[in-house]
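Read through the structure below, which is laid out as structure tokens, and then see the notes.
The values are calculated or read from the model by the stated rules, or taken from the named source; none is laboratory data. Treat the numbers as computed from the prediction; the structure is a model and nothing was measured. Cβ atoms come from the backbone with ideal geometry, glycine included; neighbour counts cover every protein chain shown.
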Amino acid sequence: MRINNILPVTLFAASLMMASTICAQTNTSTSKFKPKPTYTAHLSVGQVFFGTGDVNGYGLLMAVEKSVFKKSVRPFPAFQVGFGLNFETGIRKPVHILHPNGVFEESSYGQTSKTSGWATFKYHPFKHSMDGFSVTIGPTLGITQSTSEKSVGFIYDTFYGVIRKSVLETENHFGMGYRIAVQQQFAIKDHFFIGFRADFSNDVHGDVNTYLGGGLSYRF
């Protein structure tokens, strides 16, 4: 009876020891061979200037990038490829002022919105001294909607003063182009980074955009 009672206890204890050994080996292997983060997601908002800057507004950028090389240099690998979406819109408000000296000051109304996809190729030229600094370049494809005044007329009202009457026209066109961005980022927590960036874009229609903004990134 004693032998029959001791045998199950011994087998149970041996099973626990074996299971704990296997779990310890599995945890060690998992921590040892845990893959490094290879993707980075970006969200950036800022101010955008269209053309010579007479039309300005805001922009939103979302992008996901993947590291090309397995071995990385913190906070980012030296080279990444990815895809981004850019949403930019701006407006130029019309001005019509009749000065006391009789001089009439007038400017036209304009509104521009652009949505484009961006294939990104990011390089970190100073990975040993400035890990967070990067240069991104790539082709873009997007659609631009522009609204302008086709004709303008003015009438004078004794109560309201000068009243502006205009006829608007809207144009939509697709266009291929390119975009260049210079970015500096700083680590704030394990996988989170903040920074600022400056972008320049152009396309076959001559739609030039300049973007200045800040953003948040997450590496996973």
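Summary table
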item	result
From Ile188, Ile180, Ile194, residue being out of contact with any helix residue (DSSP H, G or I) (no Cβ under 9 Å at 6 or more places or on another chain) and loosely packed, with under 13 Cβ neighbours inside 10 Å	Ile188
Condition met for Asp131 (closer than 30 Å to Val95 by Cα, at pLDDT below 95 and either buried (at least 19 other Cβ atoms within 10 Å of the Cβ) or not assigned by TED's automatic domain parsing to the domain that holds Arg92 (or both))	no
Scope region 56-70; condition under 15 Å from Ser201 (Cα atoms) and buried (at least 21 other Cβ atoms within 10 Å of the Cβ); matching residues	Gly59, Leu61
Some residue of region 104-127 being surrounded by 18 or more Cβ atoms within 10 Å (Cβ to Cβ), modelled with pLDDT under 70, more than 30 Å from Asp207 (Cβ to Cβ) and not β-branched (Val, Ile, Thr)	yes
Residue match in region 174-191 (condition: outside any strand (DSSP E or B), assigned by TED's automatic domain parsing to the domain that holds Ile91 and in contact (Cβ under 8 Å) with a residue 12 or more places away in the chain)	yes
Some residue of region 155-174 being over 30 Å from Glu106 (Cα atoms) and in contact with a Pro (Cβ under 6 Å, 6 or more places away or on another chain)	no
Qualifying residue in region 147-159 (condition: under 16 Å from Gly84 (Cα atoms) and at pLDDT 90 or above)	no
Selection status of Thr170, among the β-branched types (Val, Ile, Thr) and within 23 Å of Ile91 (Cβ to Cβ)	yes
Residue in region 208-219 that is modelled with pLDDT of 95 or more and of a type in the set (Val, Ile, Thr) present	yes
Filter result for Arg197 (of a type in the set (Lys, Arg), in a strand (DSSP E or B), in the same structural domain as Gly51 (by TED's automatic domain parsing) and within 18 Å of the chain's Cα centre (by Cα))	yes
